[in-house]
Structure formats: C-alpha cells, structure tokens
Amino acid sequence: MRVNLKTFLLVILVSCLFACKKDSPAPLPPVVNPPVNPPGQGISLPQVDDDMNNFVAKYQLPGVSIAIVKGGKLVYAKGYGLADKETLTNVDTSSLFRIASLSKWITSTAIMKLVQEGNFTVNDKVFGTGAILGNTYGTQPYGPNITNITVNDLLHHTAGGWGNSSNDPMFSSPELNADDHISWVLNSVPLINQPGAVLDYSNVGFSILCRIIEKISGKPYEQYVRENIFKPAGIKNMQIGTSALSGRKPNEVKYYGIGTANPYGYHANAITRLGGVGGWIASPIDLMRFLVRVDGFDTVSDILTPQTLNIMSAKTANSGNYACGFLVSNNGNWYHGGTLTGTRAWMVKTTTGFSWAILINTSASGNLNTDLDKLIWPAVNNASTPWPTKDLFYP
C-alpha cells in the first residue's frame, strides 16, 4: 500500500504526541555537582596552560592536576599528562592523588571544629592526669616535659621534639598501629626541648592530634572528618590511601619515584597509619571544595567562625611561619606542601581571593619546588586573564 508524504508526517506527529502525554515516565532528575569536564572538553587559558605545559616538560612529569578558585568559584580545573604510564591513562579532573602533608590542614580544621564547639581549648594539656588524653598512652611516669605539651604546641610543631631534625619517628616501628606507635614514641623518644620553645616539624604531633579527635568525638578519625568537614563541603571522594600498588583506589593515579626510589616501598601499614598526618588522597577539586569552606572569605559560608579561623591562622612567637596545619607568609597568604616518595602536593590561599591546588604523581627533583611555588601566580596577578564567570563547581 502506498502512503503519501502528508499521511506519513501526520502519523509521526500523532505518535510523538502520545509518547509525550502526561502519564509518560518523568525525566530523570539532574545530576547534582557532576564532575568538572575532563581536559579537552573544558576551557583552556594560555595564561595557565603555557606555564603548566612548560613545567611538565621541564621536569618530565608523568602527570599533574590543578584546580583554581577565584572569589569562591571554581574557575579552572585541568589534568596534564598521564595517571598511569603503563596503560596510557590520562590524568583528568577526577583523578585522585596522595596529598601527603596537606592532610595536616584537614586535621587542623577538625581540631578547630571541636575547639569551636567548646570541647577543649588550644591551651589545654594533652598528656597526664586531667589532660585530654590522660594516661592512655605510654608508661607513667612520663619523661621530662611530656605533660607540659598543649594542643597549641602540637598544631604549631613546637611540642619539643619528635620532628624532622631528629630522624622523624613517625616512620619508625612501622609494624605498630597508630595507638601503639604513640605509646612507643612516648616511652622511647625523649623530648629535646621545652614545649613551645622551638620549631621542629613533627608528623608525630599530628598523629597525636588525630587521637584527640577520636577521643573527644568518640568516632574513628576518618569518620569524624567525613561527617563534619567533608560532608558540609560537598566532598565525596576523599579517603585514606594505602601503601601497596595492589591497594590503589578507583580513579587513583599511579605513582613514580625518582631513580630507584619506590613509591610503593612503604611498610604495608605506613600510609594508613599516617591517616590525618599524610594519608589522604584527593583531587585538586576536592581540596578546593575544602578550602573555600575554611578560607575566611564571605563568598562561601565557612565551617569555622571568624574567631576560630583567627586562632587557626595565628603564628606563635617560636613557630616561624607555621600556623595550625599550614604556613602563613609575611603578606598573609596561606600555603603548604606535601611530599611522599612519588608524590608532590601544593596548596595556596591568597589574600586577594584566589586559591589553588597542584598535585603531581612523582617526587620533586632539581628546582621543582621553587618552580612549583611560582606557578599560577602570573595568571592570577594578570588583570587580563579571562577567568570564566561560571562556577565550575556546578557546571
């Protein structure tokens, strides 16, 4: 049977009307906070890309990921190079990296939230009868000065020892869990200075802060941070990493050492035990979601009050540029880095409303750290950089 064109079009129109009637299935709801488009599908700014590409080429980096915030909005996010050289998998904006000591910024925020809620003050003592952790760890009587350590001393790396200047004990006795390791340190590694007197960057100090969070909250460290810091910030993918390549998480990059250095050579317990000291993995976008909630600007509501942030960002007479979990430059910018074998991480918050994070899946070599510090500044200081007005947190 022959059907003319008008009849055919009429049949199609009627079919479409019936398909769209009210009892048709409702459309799916929109995705909330979808990931930012991977590189090649988003914006590209020469003011950023040129410097980043030169940096990657100069140091022959496997992969790098960055995110930049301006005025509380995510204005740039991009991956460069490879997440996995063996499978030729590209880094994209959802790739997860070890962030090493940037974890301390997160732990400090968790401590400050508990302070803000009135659970203790930064001047409270940590060890000994009546102190926050009491006599739970180590053997009594404690060695000299241990019962004089305050929360503030731990936050500012002025506890009196257990630091980088004396063979960082954080990586000693790796077979011990976090609790037993603190007891071992208290019993075996005496303090060399009075608390509060000398700056000595201490991973052990932040491990003790993690135990304070667990004691006061009654929850495992990771659970408390997820519920009270990450959930309000809209962060879903950050987690504590593992030491072994076989424990690599979904979307986590592969790490590459320099020369014979093995990024998977840590003791099986090491990265997990680091936890809030240096064990988190994240994307730069995750880190920016975190930072806009604790930056002191009024563009996005903060998790901490201005008064608490003032305590968190204050230096002491003997802490150099160290505030609580990060450094503060003489002109007021906040910054910190992170290093593990096969990892270099960097995060900055400026007084002008910009913030950024840069994560790399290999170790620093040559002048990499100096050049890393110089990245992004030319773009943010260039008034003609055409930053997008759309918030890429919500593309």
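Any read-out appearing in this document is the output of simple, stated calculations on the displayed coordinates, not a laboratory observation. Note that this is a predicted model, so its numbers are computed, not measured. All Cβ positions, glycine included, derive from the backbone under ideal geometry; neighbour counts span all protein chains shown.
A few remarks follow.
- Aspartates and glutamates whose Cα lies under 12 Å from that of K374, excluding same-chain neighbours fewer than 8 positions away: D51
- Translational D in µm²/s for region 283-346 (Stokes-Einstein at 25 °C, 0.890 mPa s, Kirkwood Rh from C-alpha pairs): 188 µm²/s
- Under the Debye formula (equal points on every Cα, no solvent term), log10 I(q)/I(0) of region 96-180 at q = 0.12, 0.13, 0.25 Å⁻¹: -0.44, -0.52, -1.45
- Of K113/K349; K78/K249; K78/K231; K78/K104; K113/K236, those spanning more than 22 Å from alpha-carbon to alpha-carbon: K78/K231; K78/K104
- The angle between the Cα long axis of helix 46-58 and the main principal axis of the chain comes to about 60°, on a 0 to 90 degree scale.
- Cα-Cα separations in region 278-395 greater than 22 Å, expressed as whole percent: 40 percent
- Percent breakdown of C-alpha pair distances by 20 Å bin, ordered from the shortest bin, for region 46-380: 33, 59, 8, 0
- Between 0 and 90 degrees, the angle of helix 203-217 with respect to the longest Cα principal axis of the chain falls at about 80 degrees.
- Which of K70, K236, K78, K215 has the fewest Cβ neighbours within 10 Å, and the rest in rising order: K236, K215, K70, K78
- Residue with peak Gaussian network fluctuation, the chain [Cα springs, cutoff 10 Å], from S207, S246, S301: S246
- On Cα atoms only, tilt of 178-188 relative to the major axis of the chain in degrees: 20 degrees
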